[in-house]
Every structure is written in structure tokens, then in C-alpha cells.
């Protein structure tokens, strides 16, 4: 993996070409470009994260197992702290993990509680340093989560969209069924539209004989242009078939998004240009497309047709004064028109073409009317911080062409930029000249087919591109092949993430396809991808003017916290203070943090700010800080800097999920697993809880604060049990109570219970939502939720349920000794999440739980498989009771930094006896 370069020599080469390219006596511009590139990558080293997970389809009650690989593979990696989030279909972070990177690797897990809803989720990972840059460079992957229940009502949803001059029309079709696809006819439904967290139109529907209900919606152009999030909440009115779910609507998104990208960035009148194009549907997937280009009089100029995943390219010469439009027939039979970029009357066109693996051809053509005023141009190529070559191109000839041996270029992505004499970037182009070496991984098993609960002995062999054995660290997942049915081919892996997906903005479909040597058109299609996919690590104008972006998010080499001390009484001015800090482990034994002292004496900076680093612990840590002035005064106020997770940008369109057939087959399999798992939990004394965080002890509240029996609360959340601090008290409910839907953020946060607005009660008094949004979560002890009949005690105003909040001071048992004294603060600091251990049964060793059925869909997960100097490793595990085909996927990195991935299949059969 590429290591961040902190101190670099200047890898600068001035390449001279024979014709019309002359060495400049004054190379100040090129030198300045090289120095600024070096400076940018020195101050802004790039990190890349990849997660290998066990599968892409899960059931509630299962665990997501994953291993993280950072872009650094040595102990001096830029970041040590990694964040992983599970983002729900409602674009809210539902689960989070903080992991410690060691040698650029870490592994973790997410247990999926039954309080989560079914749907399409996003797994994302990043470091604090990566937050300084475009979040599109975060690692993200979509995954499906289904409920194992076979008795619950299910629904699939599709959208038909039509864009007109007045706005967007959307016909939403919901098909309700029970396993196995038994239509739920005459099912009465309630619908509620929510636009940016505010209630919109509501209504009623009823399914037909096929279990289908259709809801037509219309959004004006004003709505489509201003609405950021449109949700449709659907709820069943039939108590025997309960159902509630929210769906994200494709508002403001055309049925087909077709964009055109002139090579180099611009069309220039009178100069032939190559134009790349890309067509995607509302889910972001490439769609094959064909159409024609017309001028403003409607004259046909040429036809075009996509080649691969909606991408294609054509060459044409725009005429001066003319505009052009592409006309395309949509899948619904309608015709759509898309404007091509307007041609500049004067400019330059840069073309870069690699016809073979051995040479890179480029062509520069301009139509500048005054070459003397324009001056020479400069073409440079760079890969990250390294300037590969730079040439001066005189403008006395309109066309300049040449070829450069591919051997002069390093592996990976190359950036070509053409500059004017005054340093303005005129044209840019990406190219992938040489493919990086890839590890050759090979998996074998002692048998091709196994019986139930038989031992599998698997061998992993790792070799470099030259066939030499290598030592490395790998992760291995063995799963039921049912999960891979209908899965997109050529999925992202550690190699494509490092060299392609992690370098470009936006999602890339089937990234592994472009490196498949068996695909004869892969190189050409990779060039189409680079024509149409965005890249923007920096802006050349800002870079050359030394206007580098700020980086407020520092690299984290350990767990840390920071804050500021100011004068509490009178004018609140920052001031230098003496600090006393006391650290106490929360639940973990002290020997888990041997390097952490219990008491630290320190002082703030002159402006009152402080930052403590070097903390290394799991679980949580209780921290006490006392601040005193140099003269001993406690007239101090301590403020902690609160950090929140980056705001997600996940568009979970239900039409983009796996096929209903696949999910239903998986649900049937997982229903058997859930029954066995539940029985195991009962026999071992584990408790399955339908609702959210249950605590060991509940505080008694006075009757003045609670007019209902506490047993009637449908859910209870105690805020002190959370290791994550949310800025708004209502966010503690998000994803943790069935039927409760939280939207918005900050003072705009709102809540609905089964589609209706609840009544809010604070220490027994009815309050408005605005009051709740103003509460400090640190003052709240608990939240209780009442739904349906349990909420009826509050009268007609509780039809939408009740959310009761209890403050710490309102508790008659409140210990005032816990009150903060002047100049002090107590808080809990979240440490690293300790990874769970994957349970892999040993059927050769008798155990009581072996009497239970075994329907695991993830047969084996091993996050740390290490090959020795001979490049070999042995893995053993046992098959389950499922007769199926299994897929083993192995990914990882060698000590030298080379990465690779592979897969292997084997089967189980009833004819083979254990």
C-alpha cells in the first residue's frame, strides 16, 4: 500500500520532445508546480481505508464481521484510530465502532439488534484525518438487512418517475405478502409523507387481490429543487398484520441521468473532441443507452451508444456558434433531451490515448488567434506527489503530437495537466498506464465435498507477481453461496479499493472488472471510466497561489480529548489554568491500561485550551478534571470539545436492493437459524430483549412525575449507559425503539411514533418539541416511550404516543454530591471497542450446544490469517447442517505492501456421512 510521504526529495524530470517542444530557459513555473505538489502532499498525505466483511446480506440477530486495512502498512502509519459506522435507510448513523489500527489493520463487528428495521444499509469507515477531505473518499459499501421472521408482513417497493415542465411525478407501488409470497389482499394502510423532517400529505390505501397498493405523488419544480429528504411512512391498519416502514423517495432525480464529459474538460469550436458520457438510473447504476446528437436546428449530427455500464465515448467537432443536444429514448418509452456542454470559441483540447500497454500517445490542438499573447503551454504529468515529466509546448503550430514509452510511468493513476504560460490549468486528463502488481493467492481444501459437521482443512498460499512466496496478513470469510446469488460481479476488493475506488470520487460499478486480464476490452473500458469519473484532490489555481485548505481534524495516533478553560463569573475570557486530571477505568480492570497514570498535573495553553493524547484503553474511562488559576481560584468553567460523526449522505432507494427471491430464500434459511439461536440463548441463560437498552437497575420516580405504572412503559433508555454522546436528547431514541422514527438534527430534530407526533412530558409536565430540543442531554437521566393503549392515560392528546423525559434533579434519589463543584468536570471517555470472537464450533469436542441445529450462514470468519516465509497458512473449521455450496473469500496484504484477493468454492452433500 502507498505510504504517506512526509519528507520528500523532489522527483523532477524535464522531458524534451523532438518537435516544437523546446527547453525553457526559465523553468520557474514548472519548478513552482513541482514544489507546490510536494508541499500539498507533505501537508495533506492521503489515507485510504478498506473493509473486508464476511458477506453483504444479513438477518437481524446476526453479526457483521469485518477487518479494516489502512493505506499504511507500517507502524508509523498516519492514524491509529479508525471509525466504522452503520448508516440506516433513513440516513442516520445507527451503530458505531472505534477501533485501534495496529500495523495498518484492525478488526471489529456489529451485532444487529432486532430494534433495527429491514432495508438497505451502508457500512462506512474513515479516520479523523480523512474528515478534512471530500467524504466521497470514505470507504462505503451497501448491504441488506432482513428480518428472519416468516410470519411478519413484508413489502417490496418500486418507483416509476416522470419529469415534466411542471415537476416530478412518482408512482409508488407497494406489494405486500407473507412467506412464501402469499399476497396480502385488502390490507388497509396509512401513509404519511415527510419532507425534510416535517409532515406533509397523509392518506389511506388498500391493497388489491395481488397485494399491490399504488400511491401517485407529485412534486413541483420548486419542491424537487429544495427538498433534501423525502420519506414515505407506510403503516398497516390491520392489527393481525402489523407493518410500519419508511421509504426514501427519489425526489428531484430523473429516471435516467445522462452526463457528457469532454476530454480535457472543454469543447472548443472547430477542434475535434472526444466526449465521454455516462448514463445511470435513480439508484446510481449504469444503464445502457443509445441516442443521437442534434444541433439547435434539429439536424442530426451523429449517433452514439454506450459500451459498458452506461459509459461510452464519441468524437465530433462542434461548429462555431452552434449548440448541441442529445436525444435519448428512456426505458418507459418517453424521449428525453440532454444538453451537451457549450463549445468555447477559442481554446485548447488535450487528448491522451493508450492504444497498447507499451506507449502513451497524447495530442494537443489549439485555435488561439494570437500565439504571441498566449505564450507557450506546459504539459505535466504527476502521480500523487511525484512529478513524472514536464514539457514546454510552443503554440506556433496548432497541432502537437507525440508518444511516450509506458515504462517511463509508475504504476497506478496518472494525472495529465496542461498549463498556460501564466500558470492557469487549461486542460486535465486521468490515465491508468501501468497496473500495479497483485498478490497471487490460492486456496485449496483437503476435499471438494463434505458432509454435515465435517472438518474442513484449508490451505492458503500467497505469492508475489513473480511467483515467489510471501509472508502476509489476511482475512478469510467462508459463507453460504446463497448470499452470492444475483450479486453484482466484480465487486470491490482490497486491490481495487487501493488503486481505483479509493482514488476516484463516487461509486464505481464492478471495479474488479477493469483489472481482469481475461477481459480483452477492460483497458478500453477503464479509459472510459476515467473520462467520466471525477477526481479533485485539489484545485490547481489555489495550489499555485499557495491557498491550501485548512485541516481542522488532526491525525489521531491515540484516543484523545480537548477543551478550553475560561473565567466562569464576570466576563467569560479564556485564561491559562492549572489542571488536575484523575482517570478511573469504568468496568475494565486496571491492568488493561497499564500505561495510563491515575493522576496527571498539567497546565493549559495561554488561551486556556488543552489537549490530552496518548490514551490507549478499551471500553470507557471516567475522567475528572479540576481547573485552578495560578493563584488557586476555582472561578473556572471547563468546556470540552464535542465531536460528532460526519453527516451521512446515503440515498437508500429500495428499488436498488437485492431481488425479493434472494432475500426470501435467505430469510427462510435464517428463520431456522434464529430459532436455533434463540433456543441456545434460553438454555444458556441469555435473555433476548425486544426493545432497547435495558439496565441493571431502574430508579424509582415520584408519582408526581409518572402517572402510569412504570411496567407499562414500552421502552426505557438510560443515557448514562451510553458511551457515545449525542448533541440532542432525542437522538438517543434513533433506531433503538421499534416504531419510533427520528429525523433532522440539532434544534430541527423531530420524532414520530408510528407516523404520528407524540406528546412530550418532562418530569411530569407537558412540554413542546421546541423545549425538548433545547435540553442538555447531560441533564437527562432517562427517557420512556409509551405507545398505543399504554399512552391512553394521557388522554386524547396522546394518540401519537408519549415520550416522557426525566431529569437527574427530578429523581428523588438524586445524589447532590454528584453536582459539579466550581472549576471541575466529570465525563466518560469512550475507548476502543473490543472485537467479539467469532464462534466456530468444534464438533470433534463434545459440547451440550452441539445438540442444537446449526444453520450458520457465515461458516467461518478468521480476521488474522498469517502466511509464513513459505507463503503458506492452514485454516480448519467445521461445516454446518446446511447442505449447500460455500464460498471462501480471502483478502489481505504482504509485508512488502502488495495486496491481493481471491475466492474458492466447495460444497456439502447429504450422501457424505460425518
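Each reported figure results from applying straightforward, stated rules to the coordinates on display, with no laboratory input. Note that the structure is a prediction, hence the values are computed from the model and not measured. Using ideal geometry, Cβ is built from the backbone for each residue, glycine included, and neighbour counts are taken over all protein chains shown.
The figures follow:
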| item | result |
| --- | --- |
| Protection proxy ranking, peptides 537-550, 305-318, average beta carbon neighbours within 10 Å, highest first | 305-318, 537-550 |
| Per-pair calculated FRET efficiency, R0 = 56 Å: residue 598 and residue 327 via Cβ, rounded to 0.05 | 0.15 |
| Sorted by Cβ density within 10 Å, fewest first, the residues 92, 518, 285 | 518, 285, 92 |
| Cα radius of gyration and Dmax for region 308-382 (Å) | 17.6, 54 |
| Residue exposure sequence - 60, 554 - by fewest surrounding Cβ within 10 Å | 554, 60 |
| Value of relative contact order over region 267-345, rounded to a whole percent, pairs C-alpha under 8 Å and six or more apart | 35 percent |
| Proxy reagent accessibility, fewest Cβ within 10 Å first, across 395, 551 | 551, 395 |
| Under 17 Å from the residue 344 label point (7 Å along Cα→beta-carbon), backbone N, region 373-401 | 373-380, 393-396, 398-400 |
| Stretch gain in nm, segment residue 870-residue 896, where the contour uses 0.36 nm per residue and the Cα spacing is subtracted | 7.9 nm |
| Virtual spin-label span in nm between residue 560 and residue 776, 7 Å along Cα→Cβ | 2.6 nm |
| Segments 467-475, 48-56 sorted - mean Cβ within 10 Å per residue, highest first | 48-56, 467-475 |
| Spacing of the two label points (7 Å from each Cα toward its C-beta) at residue 580 and residue 240, in nm | 7.0 nm |
| Residues residue 809 and residue 633, FRET efficiency given R0 of 35 Å [Cβ-Cβ distance, rounded to 0.05] | 0.85 |
| Cα gyration tensor, region 710-812 - rounded (a/c under 1.5), prolate or oblate | rounded |
| Shape of region 339-383, Cα gyration tensor, a/c cut at 1.5 | oblate |
| Ordering of 83-89, 202-208, 229-235 by packing [mean C-beta count within 10 Å, highest first] | 83-89, 229-235, 202-208 |
| Taking region 278-401 and dividing mean pair separation by its residue count, relative contact order in percent (alpha carbons under 8 Å, at least six apart) | 15 percent |
| Modelled FRET efficiency - R0 22 Å, residue 424 with residue 551, Cβ distances, 0.05 increments | 0.25 |
